[in-house]
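Just below is one structure, and these are the notes that go with it.
The values are calculated or read from the model by the stated rules, or taken from the named source; none is laboratory data. Please read these numbers as outputs of a predicted model, since none were measured by experiment. Every residue, glycine as well, gets a Cβ built from its backbone with ideal geometry; the counts of neighbours run over all protein chains shown.
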Amino acid sequence: MEDKDSVSWNALIAGYLQNGLTQESLQLFRQMQHEGCEPSIIATTSVFMACAELSALPLGQEAHCYALKVGFTADTFLGSSIIDMYAKCGSIEHARTFFDNLKDKDAVSWTVMITGYGINGFGGEAIDLYNEMEGHGLKPDAFTYLGILMACNHAGLVEEGLRYFEDMKNKHGLEPKLEHYACVADMLGRVGKLAEAARIIEDMPEEPDGRIWSALLAACRTHGDICLGERVIEKLLELEPDKAEHYVLASNLYASSGRWDGVRRIRNRMKEIGLQKDPGFSWIDVGGRVFDFVSGDNRLPESEEIHRMWCSLEEKIRGIGYVPDTSSVLHEKGEEEKLKMLRGHSEKQAISFGLLKTSGNKKIRVCKNIRICRDCHNAAKLVSKVVGREIIVRDNKRFHHFRDGWCSCDVSCPPSSSEFPHVNPKVGCRYFRSPSSSRGRRSGRPADVTIGRFLTSAAASNWPVPSHQPVLLVVEPG
Ligand SMILES: [Zn+2]
Ligand SMILES: [Zn+2]
């Protein structure tokens with residue numbers, strides 16, 4: 001096309017983004033500027049959406065600077081996409097600061113901020129903000145309710161969550177959709193109310209999808225309910241027989257209770273239909289470059305150093321109770337071999353790399369294309385404690401904010417407030433405050449990251465993690 005105007009560029013960039021070609025949409029944005037076409041608000045919004053999808057914080061910040069420079073940030077629509085970008089990059093403080101400074105907030109801006117708290121595990125803040133929104137006379141819609149249900153799920157606030165679920169129908173006449181049911185079922189499943197969760201799923205008006213059953217299966221594994229788990233496996237594999245992650249989850253359920261016959265049966269089923277486990281990979285942005293890692297990786301010049309770093313971290317965390325959980329290794333191998341495989345997991349490499357390459361109290365932000373395994377989850381909690389740094393992992397289900405030996409998705413309470421001094425005693429152990437929380441400051445305690453719980457499937461569907469290896473994304477100095 002000879003004369004491309006901003007309308008044709010917008011259409012092209014949005015088209016790439018909608019088709020999952022996130023990196024390409026960002027390249028187009030740059031090309032548009034190179035060719036002398038001034039990006040419009042719509043094109044700039046697409047950039048924020050792409051950054052949110054990639055969890056590319058430095059690039060998102062660069063785009064934010066650009067939007068400020070050209071005077072776009074007062075736009076309510078673009079503003080919401082900035083809040084969303086910061087929240088999905090795990091930088092909830094920046095999301096809140098921008099939200100507070102946004103002059104014209106509409107119901108969408110409030111909803112995006114509430115959902116941001118929800119996906120990051122700040123249940124308390126989400127509820128406070130929801131109440132504030134209602135106080136401003138704004139009407140919540142189905143999306144607002146999804147955000148608040150995620151937040152309740154995350155914070156383990158089951159009673160409140162069920163009340164909001166009822167309010168949605170009775171107070172606002174909104175018909176819950178699949179995502180809302182998924183959230184409520186997950187909330188019940190995660191606190192061990194498995195039978196109630198199963199009942200909600202079986203009674204829902206729509207046909208439950210694979211994500212809902214998969215969340216229930218994960219809960220069965222956590223709470224060791226093999227009996228219900230087996231029923232769920234059958235439903236799940238009947239519904240989506242070619243999704244490798246379901247087989248992995250099923251195999252994990254059997255392995256965690258030593259049912260090796262079950263593990264073999266599942267693995268054979270996978271073999272019969274020629275299904276391969278999705279390769280797990282993690283990536284981290286260091287100095288504006290994205291580095292990716294696959295399990296057992298040694299492609300980087302720093303691979304040897306990364307391995308040594310992990311071994312030294314492992315030694316330290318063993319000193320405070322780390323016991324490697326080899327049930328995360330599905331292969332039938334010797335114990336030593338399993339330990340070696342565990343050490344090579346991509347998220348451990350990415351965390352080690354982040355610690356090697358950054359200093360001070362900078363947060364370590366890692367993304368993973370599949371669910372973080374149980375062993376890496378335990379290890380990351382303890383690493384956050386021994387190095388005194390916050391580690392944020394975004395997997396394909398949720399954010400994990402690891403801090404001081406705990407994760408924002410933990411269901412159990414910290415042992416005592418003296419060992420974990422950030423508990424807000426007024427509202428219970430599952431109701432923590434974020435660093436920006438005024439309530440945290442009032443109580444005179446160091447404000448802390450929220451500890452709580454949050455759903456999965458509904459949010460996961462909003463986070464299209466790239467299914468391919470991310471290419472190196474070089475950020476031009478802004
Ligand atoms: Zn792992
Ligand atoms: Zn977690």
Those residues of the range 372-414 which are among the charged types (D, E, K, R), at pLDDT 90 or above and either more than 14 Å from ligand 1 (Cβ to nearest atom) or part of a loop (DSSP other than H, G, I, E, B) (or both), in sequence order: Lys385, Arg389, Glu390, Arg394, Arg403, Asp404
Considering residues of the range 274-292 that are more than 15 Å from Leu356 (Cβ to Cβ) and acidic (Asp, Glu) only, the residue surrounded by the fewest Cβ atoms within 10 Å (Cβ to Cβ): Asp278
Conditions (1) without any contact (Cβ under 8 Å) to a residue 60 or more places away in the chain; (2) surrounded by 21 or more Cβ atoms within 10 Å (Cβ to Cβ); (3) of a type outside the set (Lys, Arg); number of the one not met by Gly224: (2)
Any chance Ala155 is surrounded by 24 or more Cβ atoms within 10 Å (Cβ to Cβ) and at pLDDT 95 or above: no
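Residues checked against (1) within 16 Å of ligand 2 (Cβ to nearest atom); (2) touching an Asp or Glu at 6+ places or on another chain (Cβ under 6 Å); (3) not β-branched (Val, Ile, Thr):
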{"position": "Lys277", "(1), (2), (3)": "no, no, yes"}
{"position": "Phe281", "(1), (2), (3)": "no, yes, yes"}
{"position": "Ile284", "(1), (2), (3)": "no, no, no"}
{"position": "Arg318", "(1), (2), (3)": "no, no, yes"}
{"position": "Ser327", "(1), (2), (3)": "no, no, yes"}
{"position": "Ile351", "(1), (2), (3)": "yes, no, no"}
{"position": "Lys363", "(1), (2), (3)": "yes, yes, yes"}
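More than 16 Å from ligand 2 (Cβ to nearest atom), over 20 Å from Pro279 (Cα atoms) and either without any contact (Cβ under 8 Å) to a residue 60 or more places away in the chain or not assigned by TED's automatic domain parsing to the domain that holds Asp395 (or both), is that true of Arg308?
So Arg308 fits the description; yes.
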Residue list for the range 194-245, restricted to those being under 24 Å from Arg259 (Cβ atoms) and outside any helix (DSSP H, G or I): His223, Gly224, Asp225, Glu240, Pro241, Asp242, Lys243
Yes/no for Ile370 being more than 13 Å from ligand 2 (Cβ to nearest atom), among the hydrophobic types (A, V, I, L, M, F, W, C) and under 17 Å from Ala56 (Cα atoms): no
Residue check for Ser251: closer than 18 Å to Leu178 by Cβ and of a type in the set (Ser, Thr, Tyr): no
Number of the exception - Arg96 against (1) modelled with pLDDT under 95; (2) of a type in the set (Lys, Arg); (3) assigned by TED's automatic domain parsing to the domain that holds Thr44: (1)
Residues (of a type in the set (A, V, I, L, M, F, W, C) and out of contact with any helix residue (DSSP H, G or I) (no Cβ under 6 Å at 6 or more places or on another chain)) located in the range 358-371: Cys367, Ile370
Qualifying residue in the range 163-176 (condition: free of Cβ contacts under 8 Å to residues at least 40 places away in the same chain, within 30 Å of His400 (Cβ to Cβ) and part of a loop (DSSP other than H, G, I, E, B)): yes
Tally of residues being touching a Ser or Thr at 6+ places or on another chain (Cβ under 6 Å) and within 25 Å of Asn153 (Cβ to Cβ) across the range 250-263: 1
Residue list for the range 293-324, filter: of a type in the set (Phe, Trp, Tyr) and out of contact with any strand residue (DSSP E or B) (no Cβ under 6 Å at 6 or more places or on another chain): Trp310, Tyr322
Any pair with Cβ under 8 angstrom, 6 or more apart, that starts in the range 33-44 at a residue that is farther than 11 Å from Ser8 by Cα and ends at one that is surrounded by 14 or more Cβ atoms within 10 Å (Cβ to Cβ) and of a type in the set (Asp, Glu): Ile41/Asp75
Residue list for the range 322-371, restricted to those being among the acidic types (Asp, Glu), surrounded by 15 or more Cβ atoms within 10 Å (Cβ to Cβ) and either more than 16 Å from ligand 1 (Cβ to nearest atom) or not in a loop (DSSP other than H, G, I, E, B) (or both): Glu347
Sole exception among (1) in contact with a Ser or Thr (Cβ under 8 Å, 6 or more places away or on another chain); (2) under 16 Å from Lys316 (Cα atoms); (3) away from ligand 2 (no atom under 15 Å from the Cβ) for Asp375, by number: (3)
Where a residue in the range 393-405 is in contact (Cβ under 8 Å) with a residue 24 or more places away in the chain and its partner, wherever it lies, is more than 15 Å from ligand 1 (Cβ to nearest atom) and of a type in the set (Lys, Arg), with Cβ under 7 Å and at least six apart: Asp404/Lys385; Gly405/Lys385
